[in-house]
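I have placed the structure first, in the form of structure tokens, so that the comments after it can refer back to it.
The values are calculated or read from the model by the stated rules, or taken from the named source; none is laboratory data. All values reported here derive from a predicted model rather than from experimental measurement. Neighbour counts run over all protein chains shown; Cβ positions are idealised from the backbone, glycine included.
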Amino acid sequence: MVIDWKKEVSARKDEFLTDLVSLLKIDSVRNDSKATSEAPVGPGPKEALEAFLSLGERDGFITKNIDNLAGHIEYGSGDETLGVLAHVDVVPVGSGWDTNPFEPVIKDGRIYARGSSDDKGPGVAAYYALKIIKDLGLPVSKRVRFIIGTDEESGWMCMDRYFEVEEKPEFGFSPDAQFPIINGEKGILTMHVNTKGNNKGGKNELISFDAGLRENMVPQDATAVFNSQEAEKIEKDFYDFVENKSVTGTVSVEGDKVTIELNGKAAHAMEPRGGVNAATYLATFLNDYSFGGDAKSYLEMTAEFLHEDSRAEKLGLNYVDDVMGDVTMNPGIFTFTPESGGMIALNFRFPKGVSIEGIEIELDKKLGHYGVTLGRGKAQTPHYVSPEDPLVKTLLDVYARQTGLEAKEQTIGGGTYGRLFERGVAYGAMFPDSIDTMHQANEFMVVDDLTNAMSIYAEAIYELIK
């Protein structure tokens, strides 16, 4: 039987957009301050999970909710299971939006909303692909589990819990990256660099330094508050500093108290060069002035070792693997107060050939003299699936057939649910010419990209389970 996948997608486009808009309206940022036993990562992710599962119930699939952390929509039967994994949580909004990030707007063929590209848009497209197969009553020999998570952007608590109680599919993909395919994902490590809060001995006394919303985002906004004996000079110098740089900001002075707010550009931590790190720019500016104690160390090491060095060369960690590419580093979260001390969260993405222990050793060598202590946060080793694997070959063949474009495997610095399976990859939904706005203000996805991805997903899923 010859199936016109694009025709089937076109017939469901309006319904797809209606369901997607409903899901995008849910503010599903993880919110630990409102977490409960019934909503382990906050009410928004729980609501989004329930909304997604309700689509499956409406359309006649088997559904299951695991502790409001994860769930699945199931179809078919057989000895093997294909996993398709998406997530409904989103990163915090941040500043710089032209529209309400949770009131989706379709303009010039693009749908603007937080989660439109990461990952609600691709997730709903992949769900509709499975729905097409069910609607057509196509014969299948394997089972499909469409698995939905609520904590992908933070700690993956959702998948930890899901696979404690549910079986793991033998193979699968996550619609959470780009085409043609991602068969390699770098390791991910967050290191916390901690200082004490001693703050005396300079003309300026740091009251607070804050930047960043998530470790996996380039900080778009940074704020420093300090008492100063040279407030007027610093105010004038700041506006000179930002004049010819890719940052903006404001200074307010009340007596001896100075508040500086600096604005850069957010981006996904897998490629920090896509953003402008407001925190390292602000620390670089302040480093030219007299601060004392640990505040001085905090600003100096940020300026000297972290500013505009996404490949960690100054830390001696620059390394390139022929297949998986280079090490990247994103200084993602900054906090400092005299009471609690200072903390910088460094988010590394690293290829084969680099170890977690090696990163720790080099950090201690370079930053140890500042009196810092190091703490290890989230850590994942590199993941790679051979291009010869039938899963990779099938997905590339479908992509090439539907697009007429060259289909080659590739590695990214992002971390997707695809790495949960030994035979797991990421597959779309961005195309090679798509504009990547993941984790940025005014996030969008081109509607035609979503429908084209849906067509590819439908054929790909069917080829894998028929």
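Key figures
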item	result
Residue, nearest to Gly96 (Cα to Cα), within segment 193-249, restricted to residues that are exposed (fewer than 14 other Cβ atoms within 10 Å of the Cβ) and of a type in the set (Asp, Glu)	Glu243
Which numbered condition Arg401 misses (of (1) within 28 Å of Tyr281 (Cβ to Cβ); (2) surrounded by fewer than 18 Cβ atoms within 10 Å (Cβ to Cβ); (3) free of Cβ contacts under 8 Å to residues at least 60 places away in the same chain; (4) not β-branched (Val, Ile, Thr))	(1)
Residue that is more than 24 Å from the chain's Cα centre (by Cα), in a strand (DSSP E or B) and within 25 Å of Gly212 (Cα to Cα), where the choices are Gly375, Gly342	Gly342
Test result for Leu53, surrounded by 15 or more Cβ atoms within 10 Å (Cβ to Cβ), within 20 Å of the chain's Cα centre (by Cα) and in the same structural domain as Gly137 (by TED's automatic domain parsing)	no
Whichever residue in segment 394-445 is modelled with pLDDT under 95 and assigned to a strand (DSSP E or B) and, among such residues, is nearest to Arg349 (Cα to Cα)	Ile412
Looking only at segment 51-108, and only at residues there that are free of Cβ contacts under 8 Å to residues at least 60 places away in the same chain and among the β-branched types (Val, Ile, Thr), the one that is nearest to Val447 (Cα to Cα)	Val105
Residue within segment 249-264 that is closer than 17 Å to Phe334 by Cα, among the β-branched types (Val, Ile, Thr), part of a helix (DSSP H, G or I) and in contact with a helix residue (DSSP H, G or I) (Cβ under 8 Å, 6 or more places away or on another chain) present	no
Residue among Ile148, Ile234 that is under 20 Å from the mean Cα position of the chain (by Cα), modelled with pLDDT of 95 or more and not in a loop (DSSP other than H, G, I, E, B)	Ile148
Residue match in segment 189-211 (condition: in the same structural domain as Ala70 (by TED's automatic domain parsing), among the charged types (D, E, K, R) and either modelled with pLDDT under 95 or farther than 24 Å from Phe421 by Cα (or both))	no
Boolean, Phe171 is within 25 Å of Ile26 (Cβ to Cβ) and either assigned by TED's automatic domain parsing to the domain that holds Leu405 or over 20 Å from the mean Cα position of the chain (by Cα) (or both)	no
Single unsatisfied condition, Ile344 versus (1) closer than 27 Å to Gly184 by Cβ; (2) at pLDDT 95 or above; (3) surrounded by 17 or more Cβ atoms within 10 Å (Cβ to Cβ); (4) hydrophobic (A, V, I, L, M, F, W, C)	(1)
Residue within segment 299-318 that is touching a Gly at 6+ places or on another chain (Cβ under 7 Å), touching a residue at least 24 places away in the same chain (Cβ under 8 Å) and over 16 Å from Met191 (Cβ atoms) present	no
Counted residues, segment 370-393 - those being in contact (Cβ under 8 Å) with a residue 12 or more places away in the chain and over 14 Å from Pro351 (Cα atoms)	14
Filter result (in contact with a helix residue (DSSP H, G or I) (Cβ under 7 Å, 6 or more places away or on another chain) and within 17 Å of Tyr319 (Cβ to Cβ)) within segment 351-378	Lys366
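Rundown of residues vs (1) out of contact with any Ser or Thr (no Cβ under 9 Å at 6 or more places or on another chain); (2) assigned to a strand (DSSP E or B); (3) small (Gly, Ala, Ser), yes/no style:
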site	(1), (2), (3)
Glu164	yes, no, no
Gly172	no, yes, yes
Thr190	yes, yes, no
Gly202	no, no, yes
Ile207	no, yes, no
